[in-house]
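One structure is given here, and the rest of the page talks about it.
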Amino acid sequence: MDADETGRPARQLVVWRPDQVPAQHDVPGPGDLRDGTTTGRLLIRSLMRAQLGLSLMCLAVALTVTASFPVIAAMVPAVGRITVAGLPLTLVVLGFALYPVLFAVGWFYHRQARQLETRFTELVDPPRPEDPAAGRPGPDV
Amino acid sequence: MSDAAFGAIAFVTLLTIIVGARGIRVARTPDDFMVAARQVPPGLNAAAISGEYLSAASFLGIAGLVVSQGLGSLWYSVGYTAGYLVLLLLVAAPLRRFGAYTIPDFADGRLGSAALRRATTALVLVIGWFYLLPQMKGAGITLQWVLGTPYWVGVATLGIVVSANIAMGGMKGITFVQCFQYWLKLCAIGIPALVLLFAAGHESTRNLMPDRQPVFARATVVRITEPTEFTLGRAATVTVTGLLDNRQFRHQAVRLCACRHVAGPGTRAGFGAGAPVPTSLAMAPSAQLPWDSPLLATGTNGAHPLVATYGVIIATFFGAIGLPHILVRFYTNPDGEAARRTTLIVVLLLSTFYVFPAILAVLARLRAPELYLSGDSDSIVLALPSLLMPGVGGQLLAALAAAGAFAAFLSTSSGLLVSVAGALSHDFMNGGVTSFRWCAVAAGVVATGAALPVGRFSLGLLVGWAFAIAASSFCPLIVLGIWWRQLTRAGACAGIVVGGGACLAAIVATMAGAAARGWSAVLLGQPAIWTVPLAFGVMIVVSLLTQRTVPGSVEQVMLRMHLPEKVSAVSPGGRPPGTARYPRRSPP
């Protein structure tokens, strides 16, 4: 790649490694995280808060769905006498029905957490065109 | 019957030893011994985790508890699965990124305190040994049932096989063994459950109906092998041969009242179709809860079942995070994202497995209610196939179930013994391969000795207690350590000592028979409901009081745990302080 037809000066190849770039205070980047600047601390805190919020929301959903059953059954005894296709409701819920719910919550969380991390990575460490490995989306489940 | 079952057990044991022994040639450094050096892909790793996790309690204990105590005991299997969901939500990826082998490594690396390290090591030993007891008991009753050997023979056999195998092969062999054993266990419980379900057909579901005492679906002759005390739900006429209520009968029809009776050994009792099923007092049926109640009973009178149910839910949901043999498996994931995927697959694999103990338990209640007289509910999975399917088919299914049960004891106790031996050799010895081997043998001997007197506690209860201790000590340590910067050494120490200590004290009091009824029975028998909040509370309050001692490395450690690996070249590399225990060797 020497000179091009439009007459602009030839491009130079710049060797750039993110761990050699000092923290810049206008654009947050990996250097901020490494050096523990205020921006870096804010960045990692925001990621942690987002992740924890997602986790606690999923945990609340899972706990509400599963742990509400004993209270409901204790307060409304009629629930315990329901049968589904000849099987007691307790057997259907505890034996089979709760497992798909648990897995669905886990699957939703897994997707969302991966997206959060991908977005965070794109924010602080944008993909570089000269490195084909960078910025590739994460593998699917 | 015992020939096929013995052959199957011997096959599983030999295969475990052979696959484990193949690891010797590969395992050279302590790193290899512990975790197979981070080379395990998620699918394989998830099967290995599930194989290690599905213990005697899952394979034998849950079906037994459901038959004897009622459907509410299914909370154990739901909780064991949900424990992995909670682990996925709160700790999977950060824990992997932290890169610690063991819980003492995590505590030391996060907070940098020798005292905390010693406290966590001591708790690893307590939880590990507590969890080993039911595995040993399971082996004892399985060999007792299959071969008729005394209880201690099975306990000693398992202790010797597992200690020797680990001392020789370590984790490298174990990863493949564990993975194989998940699929073996799934087949060993799934095939009998499905075959028996289809063989039994959709017959009368009378015994499942709410508020019903179980009845015999067809005329059945029950043979009583040991002196048994039993009760009848209502009066019935029974044809008795042998000793009953201190009177000798010779094929005579006897009218039995709805009260307590004593049958001598060798007595045969013929019940007509529709007769009430006698229940052995050793089954400790709950007097207050109907069988299909979604609540769990503890103790002999089953007081305050709602509190007991939530005690089990809290212990199992939050206990999986703190189990000492689980953390080491997260280290084998390549990165945090893979750790999450592995955990999600584990939830799927566990869900699949836990459908089958429920099916077997329901089949036992419907079609083989004479099991209520057998006294030991933990052998139901083994006894059911030959009761429902006389002939070769039933024998083969029983052999498969026995092999699966033995696989369960082998895999769980191997994983636990690796953790216990690892903790012993890191923190009390020089940490080399030789000391790891000796510690494995020593830990195996201690567990074998301790398992001999626990025969009277049900498997499900014993494992539930190990979860309760883990949930009230290590769960708050790991969760707060990952998400809360203000955690201090003093807070962490106080939390695990107070929470774990209170939980252990409550369990020991229950085992000693301190409280049999009322509130004290529930709060001591299912202590997690108060010890888990207590541990979190103490940890937070003491940390807030000692804020000046927050470790200086906290920002670096948080960065390491929460930053995605894709963000390049940020952390200074290597492990956090306190975890660099072994000189890493470059691969050949």
Residues within segment B:223-266 that are part of a strand (DSSP E or B) and surrounded by 12 or more Cβ atoms within 10 Å (Cβ to Cβ), tallied:
22
Cβ-Cβ distance below 9 Å, separation of 6 or more or different chains: which pairs start in segment B:47-62 with a residue that is β-branched (V, I, T) and end on one that is in a loop (DSSP other than H, G, I, E, B) and open to solvent by less than 10 Å² (accessible area, probe 1.4 Å)?
B:I49/B:I326
For segment B:374-393, indicate whether the set of residues that are charged (D, E, K, R), in a helix (DSSP H, G or I) and within 23 Å of B:A107 (Cα to Cα) is non-empty.
no
Selection from segment B:499-536 of residues that are surrounded by fewer than 17 Cβ atoms within 10 Å (Cβ to Cβ), free of Cβ contacts under 8 Å to residues at least 12 places away in the same chain and not polar (S, T, N, Q):
B:A505, B:V508, B:A512, B:G513, B:A514, B:P533
Count of segment B:168-185 residues which are farther than 15 Å from B:L44 by Cα, touching a Phe, Trp or Tyr at 6+ places or on another chain (Cβ under 8 Å) and either among the aliphatic types (A, V, I, L, M) or modelled with pLDDT of 80 or more (or both):
1
Which numbered condition B:L116 misses (of (1) away from every other protein chain (no Cβ under 13 Å); (2) open to solvent by 10 Å² or more (accessible area, probe 1.4 Å); (3) touching a Lys or Arg at 6+ places or on another chain (Cβ under 7 Å)):
(2)
What's the total number of residues in segment A:60-83 that are open to solvent by 30 Å² or more (accessible area, probe 1.4 Å) and within 8 Å of chain B (Cβ to nearest Cβ)?
5
State which residue is farthest from B:P357 (Cα to Cα) when the search covers only segment B:69-91 and only residues that are open to solvent by less than 10 Å² (accessible area, probe 1.4 Å) and of a type in the set (S, T, N, Q).
B:T81
Which of (1) closer than 24 Å to B:L480 by Cβ; (2) facing another protein chain (nearest Cβ under 10 Å); (3) small (G, A, S) is the odd one out, the single condition A:G53 does not satisfy?
(2)
Every residue from segment A:89-113 that is touching a Leu at 6+ places or on another chain (Cβ under 6 Å), free of Cβ contacts under 8 Å to residues at least 12 places away in the same chain and more than 7 Å from chain B (Cβ to nearest Cβ):
none
Check whether at least one residue in segment B:399-415 is without any contact (Cβ under 8 Å) to a residue 60 or more places away in the chain and either part of a helix (DSSP H, G or I) or not assigned by TED's automatic domain parsing to the domain that holds B:L132 (or both), and report yes or no.
no
Across (1) over 16 Å from the mean Cα position of the chain (by Cα); (2) crowded, with 24+ Cβ neighbours inside 10 Å, B:Y131 clears everything bar (1)
Hits in segment B:357-384 - residues which are at pLDDT 85 or above and touching a Gly at 6+ places or on another chain (Cβ under 7 Å):
B:A358
B:V445 vs. criteria surrounded by fewer than 16 Cβ atoms within 10 Å (Cβ to Cβ) and in a helix (DSSP H, G or I):
yes
Only one of (1) farther than 30 Å from B:L366 by Cα; (2) at the interface with chain B (Cβ under 7 Å from one of its Cβ atoms); (3) surrounded by fewer than 21 Cβ atoms within 10 Å (Cβ to Cβ) fails for A:G86. Which number is that?
(1)
First in segment B:138-161 and at positive phi, second anywhere and of a type in the set (S, T, Y) and at pLDDT below 85, Cβ under 9 Å, 6 or more apart:
B:G148/B:S2
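Residue-wise test of (1) within 14 Å of chain A (Cβ to nearest Cβ); (2) among the aliphatic types (A, V, I, L, M).
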{"residue": "B:A48", "(1), (2)": "no, yes"}
{"residue": "B:L54", "(1), (2)": "no, yes"}
{"residue": "B:G61", "(1), (2)": "no, no"}
{"residue": "B:W75", "(1), (2)": "yes, no"}
{"residue": "B:A82", "(1), (2)": "yes, yes"}
{"residue": "B:L85", "(1), (2)": "yes, yes"}
{"residue": "B:L89", "(1), (2)": "yes, yes"}
Mind listing whichever residues of segment B:290-348 are aromatic (F, W, Y), within 11 Å of another protein chain (Cβ to nearest Cβ) and open to solvent by less than 10 Å² (accessible area, probe 1.4 Å)?
B:F317
Residue check for B:A515: farther than 30 Å from A:L123 by Cα, at pLDDT below 90 and not β-branched (V, I, T)
yes
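The values are calculated or read from the model by the stated rules, or taken from the named source; none is laboratory data. Note that this is a predicted model, so its numbers are computed, not measured. Positions of Cβ are backbone-derived with ideal geometry, glycine not excepted, and every protein chain shown enters the neighbour counts. Keep in mind that these areas ignore ligands, DNA and RNA; they rest on the heavy atoms of the full protein, side chains included. Shrake-Rupley method; radii C 1.70, N 1.55, O 1.52, S 1.80 Å.
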